[in-house]
Amino acid sequence: MKKHIFNPGPAVLPEFTIKNTASAVMNFNDTGMSIMEISHRSKDFESVLNEAVALFRDILDIPAGYSVLFLHGGASLQFVMIPYNFLNKKAAYLDSGSWASKAIKEAKLFGDVQIVASSKEQNYTFLPSGYTIPEDADYFHITTNNTIFGTEIKKDIDSPVPLVADASSDILSRPMDVSKYGLIYGGAQKNLGPSGVAFAIVKESMLEKVSRPVPSLLNYKIHVDNNSLFNTPPCLAIYTCLQTLKWLKDLGGLQKIHKINLEKSGILYDEIERNKLFMSPLTNSDDRSIMNVVFVLKPEYAGLQEQFLELAKTKGIIGIKGHRSVGGFRASIYNALSLDSVKVLVDAMKEFETKV
Ligand SMILES: *Cc1c(COP(=O)(O)O)cnc(C)c1O
């Protein structure tokens, strides 16, 4: 049976990406070698890396003055690299979810952290708003999409200080004005490729501003100067990202995928509102994510959790159990998750309603 993969990350990838990666694992570019066996300093691999960077630039319309990096350590190491490289005295953070709060924890090791607003007390059921970004901060950190709680900052906000964005789970899901950011980063395993590689789009004017010495492997400037080849990069993971970027380009880029993502999330949110069993835990519908759709059973039906998961399983629906800090369900509907898969989920919700 076809599986409908709603996993939050690692997550569904385009069939194009999986097939081409499988083939390159067996025999890369007719070299008679696996992509895992070639040198990262070879011309063949350098062209993989350069093409991935060029496509990233093209698709996201990244202006001059920014570098695109592929790094180890996931988004979580970026939580450390950001303050290490950019926090001299004080940084401002928006506390909009668990990942934001993990980023805050790391930043506190390097200097003052001002939390401009937080929805933690309300279990992150909305995006904090109406806050003021301090003008004396070295940067302002946001999480564009709160993967666990299903809220998303869908606009490029104005900030008086460099804006740093964890876009792990909504990168390349919609157009973004990169010029408004000092750094956009994330792990690849939500919307781009496998785990094992992170991306960072860094404004070059941000580099080398801190007074502390930074270890080489954690230093953005070193990675920029070495074109992500300071040490051995995750070659296979980068190859896989390249395939997804090609797929996205061929599909029609961000305008197109955004339209599809709005349609996918739209029919799912409509069903959550219509169906008598389910509801959204979010208190402001403007905050709803187009990537991670979180929903719960209404209190009077709360006992039906396992039953719905069982029904979903019979339809080939995978990965919709909600995060333990929210409960209920979470459908992660990243770029590669098809409209058809969303329709299968919507149909399962309808069927479940008639059975109760
Ligand atoms: C998944 C996720 C992370 C953690 O990524 P790792 O690559 O596992 O470190 C951080 N931030 C957000 C928004 C995420 O969705």
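The values are calculated or read from the model by the stated rules, or taken from the named source; none is laboratory data. Note that the coordinates shown come from a computational prediction; the quantities given were computed from them, not determined experimentally. Ideal geometry is used to build each Cβ from the backbone, glycine not excepted, and the neighbour counts take in all protein chains shown. With ligands, DNA and RNA removed, areas are computed over all heavy atoms of the protein, side chains included. Shrake-Rupley method; radii C 1.70, N 1.55, O 1.52, S 1.80 Å.
Taken along the Cα-to-beta-carbon direction at a fixed 7 Å, the label points for E135 and S23 span 5.7 nm. When the label point is put 7 Å from the Cα of N231 along its Cα-to-beta-carbon vector, which residues of region 12-46 have a backbone N closer than 17 Å? Zone members listed by number: 40-41.
About the centre of its Cα atoms, region 301-353 shows a dipole size close to 200 debye [charges on the beta carbon of Lys, Arg (+1) and Asp, Glu (-1) only; nearest 20 debye]. The mean accessible area for residues of the chain, using a 1.4 Å probe and ignoring ligands and nucleic acids, is 42 Å² per residue. Taking every DSSP bridge with both residues inside the chain, close to 55 percent are antiparallel. If R0 is 51 Å, the Cβ-Cβ spacing of K120 and D30 corresponds to a FRET efficiency of close to 0.40. Its Cα gyration tensor gives region 1-128 an equivalent ellipsoid, and the semi-axes of that ellipsoid, as √(5λ) in whole Å with the largest first, are 37, 22, 14. Ranked by the mean number of other Cβ atoms within 10 Å per residue, highest first, peptides 285-291, 60-66, 242-248 order as 242-248, 285-291, 60-66. Scanning the chain for DSSP H helices at least 20 Å long along the axis (C-alpha atoms) with a Kyte-Doolittle mean no lower than -0.5 picks out 43-60, 235-251, 339-355. Across region 181-196, coupling constants 3J(HN,Hα) worked out from phi with the 6.51/-1.76/1.60 Karplus curve, θ = phi - 60°, read 10, x, 7, 10, 8, x, x, 7, 6, 9, 10, 9, x, x, 6, x Hz, and Gly and Pro carry x. In the elastic network of the chain, a GNM with C-alpha springs shorter than 10 Å, the most mobile of P128, P14, P299 is P299. Measuring nothing but how far apart in sequence close Cα pairs (under 8 Å, 6+ apart) lie, relative to its length, the chain scores a relative contact order of 23 percent.
For region 223-284, the C-alpha radius of gyration divided by 2.2 N^0.38 Å, with N the number of residues, is 1.83.
Protein-only accessible surface at a 1.4 angstrom probe places the residues T31, T354, T144 in the order T354, T31, T144, largest first. Between I148, S119, L248, the Cα set farthest toward the positive side of the dipole of the chain (charges on each charged residue's Cβ, about the Cα centre) is that of I148.
Close amide H partners of I317, meaning residues 5 or more places away or on another chain with modelled amide H under 5 Å apart, are H4.
In region 259-298, taking the dipole from charged Cβ atoms about the Cα centre, the farthest positive-side position among I290, F278, G266 is held by F278. Put a plus charge on the Cβ of each Lys and Arg, a minus charge on the Cβ of each Asp and Glu, and nothing anywhere else: the dipole of the chain about its Cα centre is then about 540 debye.
What is the chain by shape, rounded, prolate or oblate, if you read a ≥ b ≥ c off the alpha carbon gyration tensor as root eigenvalues and call it rounded for a/c under 1.5, prolate for a/b larger than b/c, and oblate otherwise? Oblate.
Which of the lysines could a cross-linker span from K89 if the Cα-Cα distance has to be under 23 Å and same-chain partners fewer than 8 positions apart are dropped? The reachable lysines, counting only those whose Cα sits under 23 Å from K89, are K102, K105, K108, K180, K203, K209, K221.
Of all the accessible heavy-atom surface of the chain, with the other protein chains kept in place and a 1.4 Å probe, what percent is carbon and sulfur? Result for the chain: 52 percent of the exposed heavy-atom area is carbon or sulfur. Summing +1 for each Lys or Arg and -1 for each Asp or Glu among the other residues whose beta-carbon sits under 11 angstrom from that of G186 gives -1.
Label positions at K298 and L311, each projected 7 Å from the Cα along the C-beta direction, are separated by 1.4 nm. Label sites at K343 and D44, each approximated as a point 7 angstrom past Cα along Cα to Cβ, lie 4.1 nm apart. Dividing the helix sum by the residues of the chain, where each DSSP H run of 4 or more adds -39500 (n - 2.57), gives a mean residue ellipticity at 222 nm of -11500 deg cm²/dmol.
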